1. Any chance region 38-52 includes a residue that's under 24 Å from T190 (Cβ atoms), modelled with pLDDT under 95 and within 13 Å of the ligand (Cβ to nearest atom)?
2. Would it be correct to say that Y30 is more than 13 Å from the ligand (Cβ to nearest atom) and not aliphatic (A, V, I, L, M)?
3. Of everything in region 62-108 that's of a type in the set (D, E, K, R) and part of a loop (DSSP other than H, G, I, E, B), which residue is nearest to S195 (Cα to Cα)?
4. Output the residue which, of all residues in region 167-198 that are under 17 Å from A155 (Cβ atoms) and part of a loop (DSSP other than H, G, I, E, B), is nearest to the chain's Cα centre (by Cα).
5. Would region 171-185 turn up any residue that is open to solvent by 40 Å² or more (accessible area, probe 1.4 Å), within 12 Å of the ligand (Cβ to nearest atom) and free of Cβ contacts under 8 Å to residues at least 40 places away in the same chain?
6. Could you list, in sequence order, all residues of region 4-40 that are open to solvent by 10 Å² or more (accessible area, probe 1.4 Å) and either aliphatic (A, V, I, L, M) or at positive phi (or both)?
7. Is it the case that some residue within region 57-71 is crowded, with 17+ Cβ neighbours inside 10 Å and within 15 Å of the chain's Cα centre (by Cα)?
8. Among residues belonging to region 115-138 that are open to solvent by 10 Å² or more (accessible area, probe 1.4 Å) and within 11 Å of the ligand (Cβ to nearest atom), point out the one that is farthest from G170 (Cα to Cα).
Amino acid sequence: MNKRITIAIDGYSSTGKSTIAKQLASKLGYIYVDSGAMYRAMTLFSMQKGYITNSQFNISDLIDNLDTASLKFIYNESLGFAEMYLNDVNVEKLIRSLEVSNLVSKVSAIPEVRRKLVAIQKEIGKNKAVVMDGRDIGSVVFTDAELKIFMTSSAETRAQRRFDELIQKGEKVSYKDVYTNVVERDRVDTTRKDSPLIKAEGAIEIDNSELTKEKQFEIILKLVEEKLRDI
Ligand code: DC
């Protein structure tokens, strides 16, 4: 099965996009790209430089210094996926914190930030054989993707999943704060002017509120196999 297609997986936060994207990439021998990690790394960069705090956001300083943020994915063989590096430092753990989650929607609403990251994403995917997850992959980055999936599930289910994940990583968070973050990110991601989260034309919607990871993988792999057969 050596056909190369592009698979775009978009959807609300904590819908399990990265889980299914990693499973598919590993099954197909494709590259997996977590575009959210790039927006998170740009948010961490903005925090480290003091461009953004909980009370202020100096957008023009961020824009003026965008070129000084270098983003790279480096494959970690033991984990089986690529980790995010910001200016040659592995930031994989730092970018998953609730502090970054609380500010990432503001940073990802800036058109200059999106332009920079979309250019990198297009470059990574130019030879196809890629599974990329995010918010605008099917609608902006790869409008010609052979398969577009749009993932949804209830805010409660998503907050519980995120909460369990953070607790497992040893973060001290409350369910209420995580739930508030999930709902607020949904609101900002769907209402921003530049590349809002939408179901792309031709995308297939999967609501996984009631699906196990195994069942979800089975359903989506079937869609991939049908696509591969058709092209
Ligand atoms: O997938 P995630 O939850 O790690 O993404 C973090 C944030 O990054 C999300 O709230 C919105 C933003 N994002 C985006 O605007 N466009 C993408 N393609 C991916 C993520």
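1. No, every residue in region 38-52 fails to be under 24 Å from T190 (Cβ atoms), modelled with pLDDT under 95 and within 13 Å of the ligand (Cβ to nearest atom).
2. Here the answer is yes, as Y30 does meet what is asked.
3. Among residues in region 62-108 that are of a type in the set (D, E, K, R) and part of a loop (DSSP other than H, G, I, E, B), the one nearest to S195 (Cα to Cα) is E92.
4. Quick first cut of region 167-198, residues under 17 Å from A155 (Cβ atoms) only: 173-191, 197.
Now drop any that are not part of a loop (DSSP other than H, G, I, E, B), which leaves 173-174, 197.
Values: V173: 21, S174: 23, L197: 11 Å.
So the residue we want is L197.
5. yes
6. S14, G16, L28, G29, I31
7. Yes: region 57-71 contains one or more residues that are crowded, with 17+ Cβ neighbours inside 10 Å and within 15 Å of the chain's Cα centre (by Cα).
8. Step by step, filter region 115-138, then rank; the result is V118.
The values are calculated or read from the model by the stated rules, or taken from the named source; none is laboratory data. Only a predicted model underlies this, so the values are computations on that prediction, with no experimental measurement involved. Using ideal geometry, Cβ is built from the backbone for each residue, glycine included, and neighbour counts are taken over all protein chains shown. We work out accessible area using only protein heavy atoms, side chains counted, and drop any ligands, DNA or RNA first. Shrake-Rupley method; radii C 1.70, N 1.55, O 1.52, S 1.80 Å.
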